[in-house]
Every structure is written in C-alpha cells, then in structure tokens.
Amino acid sequence: MRLFGNNFSDELRSMESIPDLRDSMYMVIDGYPCVRLLNLSGKIGCSNPGREKVVAPIIRFKSAEELVQKSAVLLSMDEVVACVSTCVEYIMYPKELTPWLVVYMLMILAIIKMWFANNIGGVLVEAGAGTRNKSKGFSPAQKFPQAEFAPYSNISYQWNQIGSGIMWKAYDFPVFLLSESSRLTLQEAAMKNEKTKNGYTTNVAEFELVMQTTKAGSPHSESCLKEGTCLPLGGYSVWSSLPPINISSSYQSKPIILSVASMDSASFFRDKSLGADSPISGLISLLAAVDALSRVDGLTNLSKQLVFLVPTGEAWGYLGSRRFLFELDLLSDAVTGLNSSLIETVSSATNDTLDALKRAQDSLKSENVSILSANPSNPGIPPSSLMAFLRKGFDDKANVNSSSIVAAASLVARSLFILASNNKDSDSSILGAIKVNVSLVEELMGCLMDCDPGLSCELVKNYISPTNACPSHYVGVLLGEPTPKPNPEYVDDISRFVWNFLAHRTAIPKKNASSSCSQDCSNKSEVCIRAETDGKGVCVVSTTRYVPAYSTRLKFDSGFWKVLPPNSTEPMELVDPVWAESNWNTIGLRVYIIQDATYDCFVLLGGIAVTILAYLAILLTRSFITKALKRD
C-alpha cells in the first residue's frame, strides 16, 4: 500500500506498531495553504467546499478536457504554457512565469468554464527552485492596494502595475504551495498515475482544509466573530524612542519626528509572506538607521525627539497605524510618553524633510543615492501607513540587494538627525560619523527575508527563542484580550524580535547592568530584554512599547469580539473592512494509494464465485465419497 517504497518486505519487517503501518501507507506533504479570510462584505481565500476532506487523484494539468472527474491538479511552469494559450485573450501575462501566475491562470479558467471548476478537487502549486521566496513580474495584490483608504479621489492610478488581485477572491477548493522537498514527491505520484492510467490503483491527494466558517455557513466577519468561528486579524506593533522619553515627567515639550516602517506583508499563501521587496526591506533600513543613530553622541541635546513606529497589520486596512492613532486619542498606557499634538504634521514638515534628504544625499558622496521629485501624474502618496496619518488630520489641509538597503538606511539616519537637530548648518563631520553597519544589514536580510538561516540566525537568537525558523510576515490573528503588556506566547516572532532589538539599540547605558529580570523591571522607565534566551533577561532604560494592532471597529468584551458601528467623523472607519481569519481544527495534505472500485467489485465477485465453486466442490466430493462407502 505504500506509495514510495522499493523493498516492501524489508519495510514490513521494520514495522513494530500501528503508527509504523500508517506511516508506510500515508505520506504527509509539506506545503503552505491558502486559507479563508472574511470581512464585512464577504470572504476571500480558499477552503474545502464542504465539511469533509477532499480526496482526488493527482494529475498534471494540460488542458481543460482532461478533467473528466474531480482531480487534484499539479501545476508546473511547463504545463502553464498550455493554460496561457487558453487564457491569452482574457489576460495579459508577464514574460517570466511564477507560481502566482500559475494559480492566477487556473483561477481565470475556473471562472470562464464553470464545469471545469466543478472538476477541481484541489490545486497543488510547484514553487520551483528559481522562484522560492520571490515572485518576479507578478503580484497577487491589487493594482491600487487598499484604494478605499486613499486620501484622494483618483483611485484608478496603478501603483502596482503587475497586480492581479487574485488573493482578494474566494475559491471553494483547497490550494497548497508545495515545499521544495514535497515537489518531487507529487511529481512522482502524478507520473505514476499517468503511466497506469487504466490501472486498478491510483495515487490520490487528501486535502484537509475544512474551515469552521464554511461548516457554520458564516457569510462575513461580523457573523463569524459573533459565532466564534473566526478571530480578527491583528497582532502587536512596536514603537520606541531615541533617546528614551522621561515618562515620569508630565511635561513633554520637544516636537516629535515619527519614522514608520511596516513589519507585515500579505500573500496568496498564508505562511509564505516574506515580503522581501516591500515592506521588509524598509523595516531593515529603519532598524539599521536606528542602530547607526544609537552610536551618535549627544542625542539628548537634540531639539526634537526621535520616535520609531513599526506597525503590523498594515496590509489589511492599516490596522497597526490606525490603532496607534486611536490609542493616542485615548491616552492609553500603550503610548505613555507620547503626545499626538507634538508629532510634526506632514504638510508643515515637507520642505524641511526634502531639504534634510538632499543634505543627507550630499553627505553620502560615495553612495549611489538620488532624490527626485515625484512624477506629476501621481495622484498623491503611494499606498502606505502615511495614509492613516493623513486621514487622521496629520496633513493640515523583486530583487533586493544589501547595497540599496544600506544606502536607504544611511539616507534615513542622516536625514532624521538633521531634522531632529533643527540645525541647518550641521557639521558635515557629524553627518559623516553616522555610518550604517553593512554587516548588520546583511545579517538582517538573512534573518528576515529567507528561511536559511532565517530566524535561527544568531542575531535573532540573541534576543528571542523563535518558534519557527522560516520567517513569515503574515499579521496573524489576535489571541486573547489586547493589552500593552501581552503574554509573549501571544506575540509573533517578528514583533518580539523588533521589540527587543529596538529596546536594546535605543537604551541608555546603565552603570550597573547586572540587574537581571524574567518579565518586568522594578523601575517604570526600564524594560526587560532578552528574557527568552536563557530565562534571565537584562533591565535597560528604554521607551519601547507594544501597541495592540486590530480594527478600530472591534471591541473585546467578556471573551468575545463585537463589531462596533463606524464613527461618522472618521473617514477610515467608514471603509474599514474588519478582517477576520476562519478557525480550523487541522490543516493537512497527504498522499496515498487507493484501489479502483471496479477492481474491488471484481475481487468481491471473484471471491464469491470461488466460495460458491468451493461449496459445490465440497458437495460433489461428499456425495462421491458417500456413494463410494455404500458400495463398499
């Protein structure tokens, strides 16, 4: 019964238990699922069509006519050419094919040919060695991501020209992106099915992607949150100040220069959200800039306060930045030490910022950096966290390389210093001393943009004990009651690392650094860092905080989430989709062999026939023996 075995007798002798037998019959496949997400207007993503597992024979996709029965379709770059010929009049595709393009064209066919979609049991996408972690020339996002939040009316502009929008549609069949190790397994299974097309055994894929919202029939996020079949998207943003703010003082006079870089990204497949091009390259630039500024003397003498915000949930309605502003209005504990009236507005600081950027560019004489004016055709700012600040009133009326990130970090660090010093005649020697650590940038890229070494790198392990080696920048769901001091188990790896990194880099050196901690410090101005590494963290003086990131239209009350009516005075609340992710019991994918039902019938009939013949033979033999004995 084993799918891939060379010597069954040897394996049979090695079996010592029922689990050994089960493992020999069923092969578990590693992959990344597309899951079901819901908002106030409907649902997107993937799910099994009903309450049961989907079992379907594995075939390679060549043409729609092949799908005469419900099948698990295995897609590769070669087979997609046939799909292109069918879809060519419906879509425009880039020159370089990617797994995302494969999925996209299959979805197009499913929409065009409804009968074809009915025969899709599931979709298995081969990532391929050349496209792992990257997707050139294609994007599953929209051409204008989150256009409803734009602070201007022209939302037809294509900020993302290669966007397809496939991740914002709903598919009632499971879709998995195969890992590199599983790709060959599925290829072999499909090849065996093709060779034994009329045989009595078939290699099948079993999809376990049953969503609780599908079982309950929840049509949107408000209903599933009420029923408890989903959880709201969200997590924990991080903000930090350099130098630390004296939170014991009620009087804060310095204007605030706020720098923002998102830590999350969205993708068609839930756990494959690396977001290297955007926004993780921006996050690394900000972290490197903080590191460079932390080594500058005299930061306490700056005329303005530097504050760094790393929100999460930005890919899903700017959850982090909107909640940050909401908490500022509430004067909550999560933003103690910050005063929203001191944050410099975008319009008032535009000229100063442009001047600072140009001066920083001039100081980077050997860097390949240029500051250019925006294209006149641009309707306004591109999709970013800044939209949340503009709508709040802070406006008064695929390849990434380390050298680019270093240049961006250098430009940001020096520009921030110029803005914070409020001295247009800053000594060029001081600016020249602000240098970005190139090796730190390269290490951050390896830790946050790839699975090797990923979060198992020394830099990350120096601060936290990661739960997964491969980084995922998907925002995830908010577990339990949101709080500015969350249980570390409820905070994802990226947020915990960013919090520890910023707290360490923005801390004031202590004369007595021997004080250890496991969670909290006795002094309110101190935070406990590196508590996960060996159970004995260190207390440092730093203003670094977590801020819960979730929709401003949600309220956690008595263990349940409630959707609040929108505030008519807040434009972003009127278009807030309130995203939630469906619950599930188990997500899994495995491969095994089944016998054809017709063959089983023949075996059954053959068994019955043999039984009848044996019975007749016994009767004849007994009659013969009886007659022989009588004659004697």
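Where helices (runs of 4 or more DSSP H) sit wholly within region 388-465, those with at least 3 residues that are modelled with pLDDT under 90 and open to solvent by 40 Å² or more (accessible area, probe 1.4 Å) occupy 428-433. Answer yes if at least one residue in region 124-139 is in the same structural domain as Met211 (by the TED database), of a type outside the set (Ser, Thr, Tyr) and modelled with pLDDT of 90 or more, and no otherwise. Yes, there is a match, as at least one residue in region 124-139 is in the same structural domain as Met211 (by the TED database), of a type outside the set (Ser, Thr, Tyr) and modelled with pLDDT of 90 or more. Return yes when Tyr599 is modelled with pLDDT under 85, surrounded by 10 or more Cβ atoms within 10 Å (Cβ to Cβ) and assigned to a helix (DSSP H, G or I) and no when it is not. Here the answer is yes, as Tyr599 does meet what is asked. Quick check: is even one residue across region 517-530 modelled with pLDDT of 90 or more, within 28 Å of the chain's Cα centre (by Cα) and more than 27 Å from Leu258 (Cα to Cα)? Scanning region 517-530, I find no residue that is modelled with pLDDT of 90 or more, within 28 Å of the chain's Cα centre (by Cα) and more than 27 Å from Leu258 (Cα to Cα), so the answer is no. Going through region 185-224 one residue at a time, which ones are more than 25 Å from Asp30 (Cα to Cα) and small (Gly, Ala, Ser)? Correct list: Gly199, Ala216, Gly217, Ser218, Ser221, Ser223.
The values are calculated or read from the model by the stated rules, or taken from the named source; none is laboratory data. The shown structure was predicted, so the numbers you read here are calculated from the model rather than taken from an experiment. All Cβ positions, glycine included, derive from the backbone under ideal geometry; neighbour counts span all protein chains shown. These area figures cover heavy atoms from the full protein model, side chains too; ligands, DNA and RNA do not enter into them. Shrake-Rupley method; radii C 1.70, N 1.55, O 1.52, S 1.80 Å.
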